[in-house]
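Encoded as structure tokens, the structure appears first; notes follow it.
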């Protein structure tokens, strides 16, 4: 909670810190709700795990299955099953690397791109609605605090690269 090198915090400081963490947990629940509700625009076309793969492929572009698995922190066999369903549905195309025929690649089809775009647009509209409900001064504070929070999490945390483990 607090650094071992720092002086012992007062009970008030501990309570304030706990309140800050709880507020962040509440914000996380709200943001997760926005993410889950955004899938409603797809009318059940994909599951959440399938959509996660689509979103990762939208970020990565054409990628090796092994990279998609690492990025999603899933086993290769799980990614293969997800990809099978998305290929059958026409949202993902499976290919191979011309230099290494045994390497399987995945990439979004135009249908997959449309799904990711529809969800992204809905999320943008919903987040805009939520932020618009704040006073202008609160919006300015929100921007500053969120930038600091992202920086505090560390470079690349939450991005489509390699899974990040908390220290």
Whole-number D in µm² s⁻¹ for segment 11-60, Kirkwood Cα-pair radius fed into Stokes-Einstein, 20 °C, 1.002 mPa s | 163
Could you work out how far helix 48-60 tilts from the main Cα principal axis of the chain, as a 0 to 90 degree angle to the nearest 10?
-> 80
Working from Cα positions, state the angle (0 to 90°, nearest 10) between the long axis of helix 11-38 and the longest principal axis of the chain.
-> 30
Take every Cα pair under 8 Å in the chain that's 6+ residues apart, average their separations, divide by the length, and report that relative contact order as a whole percent.
-> 23
When the Cα centres of segment 111-147 and segment 33-85 are compared, how far apart do they sit, in Å?
-> 21
For the chain, calculated [θ]222 nm from helices alone, where every DSSP H run of n ≥ 4 adds -39500 (n - 2.57) = -20500 deg cm²/dmol
What do you get for Rg/Rh of segment 42-149 when both radii come from the Cα atoms and Rh is the Kirkwood radius?
-> 1.12
Using the Cα gyration tensor of segment 1-88, the equivalent ellipsoid's semi-axes, largest first and to the nearest Å, work out to 39, 19, 9
Quick one: angle between helix 110-132 and the longest Cα principal axis of the chain, in degrees between 0 and 90, rounded to 10, please.
-> 20
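Read-outs: derived from the displayed coordinates by stated rules, not from any lab. Note that the structure is predicted; figures quoted are calculated from it, not measured.
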